[in-house]
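One structure below.
The values are calculated or read from the model by the stated rules, or taken from the named source; none is laboratory data. Please read all numbers here as calculations on a predicted model, not as lab measurements. We work out accessible area using only protein heavy atoms, side chains counted, and drop any ligands, DNA or RNA first. Shrake-Rupley method; radii C 1.70, N 1.55, O 1.52, S 1.80 Å.
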Amino acid sequence: LASRIRPMLVAHTSQLVAQTTGGKYDAIDLDEEYNLYVYDGTQRHLIKRFSGGEQDLISLCLRIAISRVISEQNGGSGVNFIALDEIFGSQDAVRKESILQALNSLSGQFQQIFLITHHEDLKDSMQHVLAVEEAGDGISEAEFVV
């Protein structure tokens, strides 16, 4: 099973990494122990060589790829929902936009993509926004904004 899944993870993750980095990095690799490597040109490097923001982005791509592979292994109907919590923290504006575009391209596979973020500037990029505010005494109120 591992020998079949690893190539699928590498392919999906590489596609997402290329898309979200604008082609700066276009391939990743996983060894037999699932250590993550990123190709910088023709050179393969462990992920720890890259900046924190790049590590976060590449790890996000791997997590999404895992969800895609699980969905595919279940006939495409197993995972229709993906939740991502605070994935934009270490990303600059260009990378945020790249991530949003990549997630938008996945909307055909995942019927719902749920993003949790404190970045107010992203609200205009979302189709639906649910704002949660603390009302006091430990009670929170939710309101649809868009």
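Could you report the range 1-48's accessible area per residue, 1.4 Å probe, as an integer in Å²?
Working: 2740 Å² over 48 residues.
That works out to 57 Å² for each residue.
Could you tell me the relative contact order of the range 18-86? Use alpha-carbon pairs under 8 Å, at least six residues apart, and round to a whole percent. Kindly include the intermediate steps, with their values, before the conclusion.
Numbers: 49 pairs, mean separation 10.0, N = 69.
It rounds to 15 percent for the range 18-86.
Give the lysines whose C-alpha is closer than 23 Å to that of Lys24, dropping any in the same chain fewer than 8 places away, or say none.
Straight-distance partners of Lys24: Lys48, Lys96.
Sort Thr117, Thr20 by accessible area with a 1.4 Å probe, largest first.
Most to least solvent-accessible, the answer reads Thr117, Thr20.
Normalised by the residues of the chain, what does the relative contact order come to in percent, with Cα pairs under 8 Å and at least six apart?
Details: 169 pairs, mean separation 25.2, N = 146.
Normalised by residue count, the contact order of the chain is 17 percent.
At 1.4 Å probe size, put Val145, Val17 in order of accessible surface, largest to smallest.
Details: Val145 75, Val17 0 Å².
Result of the area sort, largest leading: Val145, Val17.
With a 1.4 Å probe and all protein chains left in place, how much of the accessible area of the chain comes from carbon and sulfur atoms, in whole percent?
Numbers: 4290 of 8810 Å².
It is 49 percent, rounded to a whole number.
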